[in-house]
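The values are calculated or read from the model by the stated rules, or taken from the named source; none is laboratory data. Small disclaimer: the values here were computed from a predicted structure and weren't measured. A quick note on method: Cβ atoms are made from the backbone with ideal geometry, for glycine too, and the neighbour counts reach across all protein chains shown. Just so you know, the surface numbers come from the protein's heavy atoms only, side chains and all, with ligands and any DNA or RNA stripped out. Shrake-Rupley method; radii C 1.70, N 1.55, O 1.52, S 1.80 Å.
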Amino acid sequence: MFAKRPVAVVVPAFNEADKIVATLRSIPAFVDHVIVVDDASQDNTAVLAAAVDRAGLEVHVHKQNSGVGAALVTGYKRAFALGAEITAVMAGDSQMDPHDLPNLVQAVVAGADYAKGNRFAYRGERASVWRQMPVSRLFGNVALSLFTKVASGLWHVFDSQCGYTAANRRALAVILSEATFPRYGYPNDVLVRLSLGAARVVDVPVRPVYGPAWRSGIRPTRVAIPILLLLIRGCVRRCKRRWASADSRQPAWLSRR
């Protein structure tokens, strides 16, 4: 527990046999439930995860690869059913520093519905995201962060693609209320829908973690267009709701003109 609140961590994983054990062992002891969702890995990720001696550990396996967004939905549903008051996400590739988890959880305890990591805001020594993140990823992240600001109206939020997050039950209810984008556009989809749900979203600085063994399953040319289309639809949806709300506040005599 953290501040007397039960905490769950969802760990989406796909072909992370070389990192999943280290990831699970790094999760702080205050976490009550660790929910690994193996998204139909082709290696023994699930077997290795299940062998880790950790209280509250569960391993769920998708029969078919459905995407990281779908894996998170599976984990979120389970955390919600378990009664977790705060549910965080830590990827199975050890790319999220466990020392940052208390700060994300504390932001939710302090009143946020959804706390999201921001690697660009981190000011630790020799850990600048500008130096560590590959140039292609850096450019894409900045561009998508700007587009997501416009689509969601969350102008204070940056580093939209960072999946290191913590959410309370209200935020999970919003996320689970309708289908979530199943693959790499899920963070953008979630931010737009949280905005529509009037959730309080905050950024928390987190350490960027890269290294010689780091790899990415993202192919920019394959994900850019779907995410942009997703953001355009989200922006249209938000604008329609805003216009409808404005119309409802008009005096009756004006709305009849």
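Taking the 0 to 90 degree range and rounding to the nearest ten, how far is the long axis of helix 186-196 tilted relative to the main principal axis of the chain, both from C-alpha atoms?
For helix 186-196, the angle is close to 40 degrees.
When the Karplus curve 6.51 cos²θ - 1.76 cosθ + 1.60 is applied with θ = phi - 60°, which whole-Hz ³J(HN,Hα) does each residue of the stretch 161-178 get, with x for Gly and Pro?
These are the phi-based 3J(HN,Hα) values: 8, 6, x, 7, 9, 9, 9, 8, 5, 5, 5, 4, 4, 5, 5, 7, 6, 8 Hz.
Give me the one-decimal Kirkwood hydrodynamic radius in Å for the stretch 135-202, with the sum taken over alpha-carbon pairs.
12.3 Å
What does the net charge come to around Ala70 if you take all other residues with beta carbon closer than 15 Å to its beta carbon, with K and R at +1 and D and E at -1?
Taking every other residue near Ala70 into account, the sum is 0.
Hey, rough spin-label estimate for Leu146 and Ala81, points 7 angstrom out along Cα→Cβ, what's it come to in nanometres?
Using points 7 Å along Cα→Cβ, the separation is 4.4 nm.
Solvent-accessible area per residue for the stretch 131-214 at a 1.4 Å probe radius, Å²?
Ligands and nucleic acids excluded, the result is 42 Å² per residue.
In straight Cα distance, which aspartates and glutamates are under 17 Å from Lys116, not counting same-chain residues fewer than 8 positions off?
Filter leaves Glu85, Asp97, Asp100, Asp159, Asp189, Asp203.
Using 23 Å as the Cα-Cα cut-off, could you pick out the over-long pairs in Lys149/Lys240; Lys19/Lys63; Lys77/Lys240; Lys19/Lys77?
Over 23 Å apart, Cα to Cα: Lys77/Lys240; Lys19/Lys77.
Roughly speaking, what is the centre-to-centre gap between the stretch 34-74 and the stretch 88-151 when only Cα atoms are used, to the nearest Å?
If we compute the Cα centre of each part, the gap is 23 Å.
Quantify, in whole percent, the carbon and sulfur part of the accessible surface of the chain (1.4 Å probe; protein heavy atoms only).
58 percent
Per-residue ellipticity at 222 nm for the chain, helices alone: DSSP H runs ≥ 4 residues times -39500 (n - 2.57), over residue total, nearest 500 deg cm²/dmol?
After summing the helix terms and dividing by residue count, I get -13000 deg cm²/dmol.
Quick one: grab Rg to one decimal and Dmax as a whole number for the chain, Cα atoms only, in Å.
18.7, 69
Keeping every protein chain present and rolling a 1.4 Å probe, give me the accessible area per residue for the stretch 50-119 in Å².
Roughly 40 Å² per residue, with all protein chains present.
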